[in-house]
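A quick write-up on the structure given underneath.
Laboratory data are not the source of any read-out in this text; all were calculated from the coordinates shown. Quick caveat, the model's predicted, so the values are computed rather than measured. Here Cβ is always computed from backbone atoms with ideal geometry, including for glycine, and neighbour counts include all displayed protein chains.
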DNA sequence: TCAGGATTGATGCAGATGCATTCAGTGCGA
DNA sequence: TCGCACTGAATGCATCTGCATCAATCCTGA
């Protein structure tokens with residue numbers, strides 16, 4: 001009789017969990033050692049910087065980053081506290097607001113990309129041929145109902161800014 | 001000129017992060033909806049239950065689970081609070097202790113496996129052929145300096161208890 | 001035009017986490 | 001056998017997270 005999750009599926013599951021957490025830890029550690037804030041800040045700054053006017057509604061940011069609403073709200077608090085972004089009122093919808101990246105924010109995003117891209121290369125790029133990386137993408141996409149394209153591009157586009 | 005992290009590597013990185021978090025969230029949610037504690041509790045109970053005497057030194061547990069020391073200490077606190085494990089003194093090394101799983105702990109571990117295995121099947125098994133799952137394993141292993149075998153077996157062995 | 005429901009964003013609270021430190025106990029070398 | 005470095009485990013503190021809830025505004029349909 002076949003096992004419910006096959007041996008292979010179970011092994012894939014556990015590796016997905018373990019490997020991701022190892023690799024993520026490694027990358028976060030490198031950022032931290034370089035004196036940078038957590039990855040989430042980078043992601044947020046990146047999303048803001050690549051948006052047309054350098055500003056986004058919190059709701060948008062939330063969607064891009066797949067973060068819960070309250071987490072987004074607090075992340076913005078921190079960015080604002082550090083002068084990396086500012087809140088602007090939204091005339092069209094008075095419930096809402098815009099979050100705009102500041103020059104300091106753009107600057108930090110670029111600096112972080114140096115360290116971030118190096119970490120990706122070290123922990124992923126250098127361990128997989130491009131062809132294998134592409135295969136891995138394909139397999140992962142089958143699990144994730146596909147990351148939306150915007151997100152898939154988040155890192156790649158960043159590359160052009162270095 | 002080639003980009004430092006190739007497009008493929010960057011895409012693999014971002015998918016690894018996003019897909020893992022989606023899948024993990026989904027699985028954790030199902031456990032929670034079924035009224036169970038978090039996955040970490042299962043892992044700990046599983047490690048304890050499969051150890052020869054049903055007990056482990058916190059240090060061992062820590063290694064199996066790749067958790068920081070203080071996290072292990074607190075996880076054990078919670079297990080003990082809920083009567084799922086007990087702390088026993090370690091005569092051989094008075095600094096240390098043993099953590100022993102209780103009947104209630106074994107029971108919960110088995111019950112959780114029902115929900116857990118179903119969730120793995122739903123979110124991983126059903127989306128990948130066994131051959132693809134194996135391929136995914138192979139690629140992930142290249143990134144993770146390989147999960148150690150014990151860990152790789154954590155889920156699979158559990159299957160035999162259902 | 002107004003009631004009622006949906007959306008946007010913030011926040012109080014409880015629990016979890018990371019970090020550094022502490023304390024007890026061990027074992028080795030002088 | 002003493003001193004000292006190391007190991008095993010707990011904990012105080014600040015921060016972060018998850019959850020539920022709130023207030024404000026918006027939208028829709030009668």
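General observations
- Per residue of B:119-130, other chain Cβ atoms within 10 Å of the residue Cβ number 6 on average.
- Simple label model, 7 Å out from Cα along Cβ direction - residue A:25 to residue A:131, nm: 3.3
- Shielding by partners, peptide A:104-117 (average Cβ within 10 angstrom, other chains): 1
- Each helix, a run of at least 4 DSSP H residues, gives -39500 (n - 2.57); summed and divided by the residues of chain B, these come to -21500 deg cm²/dmol at 222 nm.
- Convex hull volume per residue, computed on the Cα atoms of chain B, equals 144 Å³.
- On Cα atoms only, tilt of B:69-81 relative to the major axis of chain B in degrees: 50
- Taken over the C-alpha atoms, the range B:1-59 has Rg and Dmax values of 18.3, 59 angstrom.
- Average other protein chain Cβ within 10 Å of Cβ, residues A:52-58: 0
- Largest GNM mean-square fluctuation among A:19, A:124, A:59, using chain A with Cα springs under 10 Å: A:19.
- B:70, B:42 arranged by Cβ crowding within 10 Å, fewest neighbours leading: B:70, B:42
- Cβ crowding within 10 Å ranks B:135, B:91 as B:91, B:135, fewest other Cβ atoms first.
- Folded to 0 to 90 degrees: helix B:103-123 orientation relative to chain B principal axis, Cα: 10
- Theoretical FRET efficiency, 1/(1+(r/R0)^6), r = Cβ-Cβ of residue A:71 and residue B:87, R0 35 Å, to 0.05: 0.50
- Rounded to the nearest 10 degrees, the angle from helix B:7-33 to the longest Cα principal axis of chain B is 40 degrees.
- Modelled spin-label separation between residue B:53 and residue A:111, with each label point placed 7 Å from Cα along the Cα-to-Cβ direction: 5.4 nm.
- Simple spin-label estimate for residue A:100 and residue B:94 gives 6.8 nm between the two label positions (7 Å along the Cα-to-Cβ direction from each Cα).
- Span from the the range A:1-48 Cα centroid across to the the range A:126-144 one, whole angstrom: 14
- Neighbour-count order for B:102, B:72, fewest beta carbons within 10 angstrom listed first: B:102, B:72
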